[in-house]
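Here the structure comes first, spelled out in structure tokens, and everything after it is commentary.
Any read-out appearing in this document is the output of simple, stated calculations on the displayed coordinates, not a laboratory observation. Small disclaimer: the values here were computed from a predicted structure and weren't measured. As a convention, Cβ positions derive from the backbone with ideal geometry for all residues, glycine included, and neighbour counts pool all protein chains shown.
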């Protein structure tokens, strides 16, 4: 019985071996320098096949990029004493700071609900990741929905269907735009090859985002030597104030 | 030219910041106000996180008031003794204000508090200034004999103990009222990211009875230390002072202030005050509308909520 089941599984898994994703990124590290204004990452690759591809199935490529997880607070406003104030706060642990999904065909066709739940691909399912408290999602679904809405509006969560270009069912490419207000950390990038909504192969890599140069220096100083940083800020302010006064006096004479 | 701010963690146009600094600088040069009450809401509007806007603005005010106080020191229009008394109250107030700010930030109500403070103070100050300058213009039109206002009667302020002599101001009053004024302005400086000149100047004239010529210099003197202290507290407890943002605002601000001073000289005092009053009321109205009108999005998402 068990052996038969294993054999069935093996047979079912066999076609998966027939197609592999070979992929690369235009850059695997993003440096936030003073002039940083967002970045576009080109993700491209090909499908390697040992034999002709199965006929009569719909193939799709889905690409996801996920920023570092962080704890966020979702607050709801309501009218109190005639003004709109924050009345309710929900702590959401481990929400990605950035999440983008791109696909070659509409996600509804590219991914069955079961595969989506298993691989956590679309934004709502990705948010209910292992580190996020599932209880929040159950007890407060509006808060999660609102977070997706707010972050989609600000460009932090992106769903771009039909944005993956697929040529001859073999070559694919897409660009993911990283916004200018990026947080530092590892951006996990996944590529899925699906047939009729089932994941055939997946590929995973990381984009490393880090502040560099002056940005790095100031950020580190502010967090590790806050007193020196504060005094330095004051010194700059005093010097600028004195300089302006001196120049003004010189100009008047 | 986009520039990435290391602490605010947003990318903004450097020229926009220089322009904002310059514009507010012109106004502060014209009217003799710090301009913090205009700059902080403007920074909110361009997407700087409120906590960073408030802390960084405090840092910027240090620069503009230092520049101003040097000019006043040369003209000997700073009452250092009064400044020190105001300062003692101010430092205590600023320390308390930063604590209140942190508690409310954890509760998610800091936006509300800052906005309510703005609406209240801008509304009152703008309204009073508008009425007063309108009356002044009407009097000037009537061209009647200018009525000299009598010196205020010695009120409750002069009945308090711990009297002290303030030679530059020509006053012999209790230290309690200046301490209270300093304390109150210190709280405002920490919470609102403003110098508090627009509260302090009227309080010094009408409450303490100081001569107008020493009021601005003394107020600036005290503001340097209180906002400096608030900057340090924000930098060490919240890590929210953005040096790059401060420098950009500073450059625009100091240049704008020089231009503004020259424009201000050519305009009549009443016209200046009525313009300032209208501007104050405009900012107040905008902030009040935000609180009163139902927002399009009821939810907001903040990172690193409770600490």
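Using a simple spin-label model with pseudo-atoms 7 Å out from Cα toward Cβ, residue A:88 and residue A:71 lie 2.2 nm apart. Look at A:104, A:33 and count the other Cβ atoms within 10 Å of each Cβ; fewest to most, that gives A:33, A:104. Of all DSSP beta bridges confined to the protein assembly as shown, the antiparallel ones make up roughly 90%. In the distance distribution for the stretch B:4-111, Cα-Cα pairs more than 17 Å apart total 64 percent. Angle, helix B:80-107 long axis vs. longest principal axis of chain B, Cα atoms, 0 to 90°, nearest 10? It is inclined by approximately 30 degrees. Here the Kirkwood formula, the inverse mean of 1/r across different C-alpha pairs, assigns the stretch A:19-162 a hydrodynamic radius of 17.8 Å.
Rounded to the nearest 500, what is the 222 nm mean residue ellipticity of chain A from helices alone, with -39500 (n - 2.57) per DSSP H run of 4+ residues and division by all residues?
Values: 8 runs with 91 residues, N = 253.
So the helix-based figure for chain A works out to -11000 deg cm²/dmol.
For chain A, set up a GNM with springs between Cα atoms under 10 Å and report which of A:155, A:241, A:197 has the largest fluctuation. Among A:155, A:241, A:197, the largest mean-square fluctuation in the Gaussian network model of chain A belongs to A:241.
From other protein chains only, count the Cβ atoms within 10 Å of every residue's Cβ in A:74-82, then give the mean. Please list the in-between numbers first.
Numbers: counts 5, 10, 4, 8, 2, 4, 1, 0, 2.
Counting other chains' Cβ atoms within 10 Å and averaging over A:74-82 gives 4.
Take every pair of alpha-carbon atoms less than 8 Å apart whose residues are at least six positions apart; their mean separation over the length of the stretch A:122-234 yields a relative contact order of 13 percent.
When each pair of different Cα atoms in the stretch A:173-253 is counted once in the 1/r mean, what is the Kirkwood radius in angstroms, to one decimal? List each step's numbers first, then the result.
Values: mean 1/r = 0.0561 Å⁻¹.
By the Kirkwood definition, the hydrodynamic radius is 17.8 Å.
Computed over every Cα-Cα pair of the stretch A:116-253 and binned at 5 Å starting from 0, the pair-distance distribution P(r) comes out as 2, 7, 10, 14, 12, 12, 10, 8, 7, 5, 5, 4, 3, 2, 1, 0, 0 percent.
For chain A, what does the relative contact order come out to in percent, with C-alpha contacts under 8 Å and a separation of six or more? Please list the in-between numbers first.
Numbers: 415 pairs, mean separation 69.0, N = 253.
Relative CO of chain A lands at 27 percent.
For an R0 of 22 angstrom, estimate the FRET efficiency from the Cβ-Cβ distance between residue B:176 and residue B:76 and round to the nearest 0.05. For residue B:176 and residue B:76, the calculated efficiency is 0.25.
Relative contact order, whole percent, for chain B stands at 39, derived from Cα pairs under 8 Å and 6 or more residues apart. Legend: ranking of residues A:207, B:293, A:238 from fewest to most surrounding C-beta atoms inside 10 Å; resulting order B:293, A:238, A:207.
Give me D for the stretch B:163-277 in µm² s⁻¹, whole number, from Stokes-Einstein with Rh from the Kirkwood sum over alpha-carbon pairs, 10 °C and 1.306 mPa s.
Numbers: Rh = 16.3 Å.
The Stokes-Einstein estimate is 98 µm²/s.
Distance between the modelled labels on residue B:136 and residue A:162, one decimal in nanometres: 6.4 nm (7 Å Cα→Cβ projection). Take chain A, connect every pair of alpha-carbon atoms lying under 10 Å apart with a spring to form a Gaussian network, then pick out the residue of A:45, A:94, A:213 with the largest mean-square fluctuation. Taking springs between Cα atoms under 10 Å, the residue moving most is A:213. A viscosity of 1.002 mPa s and a temperature of 20 °C, combined with the Kirkwood radius over Cα pairs in Stokes-Einstein, give a translational diffusion coefficient for chain B of 107 µm²/s.
Each residue, residue B:296 and residue A:33, gets one label point 7 Å from its Cα in the Cβ direction; the gap between the two is 3.6 nm.
Applying Stokes-Einstein at 25 °C and 0.890 mPa s to the Kirkwood radius of the stretch B:57-108, computed over alpha-carbon pairs, gives a translational diffusion coefficient of 187 µm² s⁻¹.
Is there a simple number for the mean count of other chain Cβ atoms within 10 Å of the Cβ of residues in A:239-251, and what is it? Let's see the in-between values first.
Values: counts 3, 12, 16, 4, 5, 14, 11, 2, 4, 8, 3, 0, 1.
Other-chain Cβ atoms within 10 Å of each residue's Cβ, averaged: 6.
Averaged across orientations, what area in nm² does the convex hull of the alpha carbons in the stretch B:1-57 project? Before the final figure, lay out each step's value.
Values: hull surface 14.3 nm².
That works out to 3.6 nm².
For the stretch B:197-244, the fraction of alpha-carbon pairs lying more than 17 Å apart is 46 percent, rounded to a whole number. For the stretch B:210-268, what does the alpha-carbon gyration tensor say about shape, rounded, prolate or oblate, given a ≥ b ≥ c as the root eigenvalues, a/c under 1.5 as rounded, and a/b over b/c as prolate? It comes out oblate by the Cα gyration axes.
Taking other Cβ within 10 Å of each residue's Cβ, how do B:291, A:182, B:87 sort, fewest first? If you can, show how the numbers build up before the last one.
Values: B:291 18, A:182 25, B:87 22.
Ascending number of Cβ neighbours within 10 Å: B:291, B:87, A:182.
For chain A, count all C-alpha to C-alpha pairs, find those more than 29 Å apart, and express that count as a whole percent of the total. Display every interim value, and only then the final one.
On the way: 15523 of 31878 pairs.
Percentage above 29 Å: 49.
How large is log10 I(q)/I(0) at q = 0.06, 0.09, 0.12 Å⁻¹ when the Debye formula is applied to the Cα atoms of the protein assembly as shown, each weighted equally and without solvent? Debye curve over Cα of the protein assembly as shown, log10 I(q)/I(0) at q = 0.06, 0.09, 0.12 Å⁻¹: -0.41, -0.77, -1.15.
What ranking do B:11-22, B:58-69 get when scored by the average of other Cβ atoms within 10 Å per residue, highest first?
Details: B:11-22: 19.5, B:58-69: 29.7.
Ranked by mean Cβ neighbours within 10 Å, highest first: B:58-69, B:11-22.
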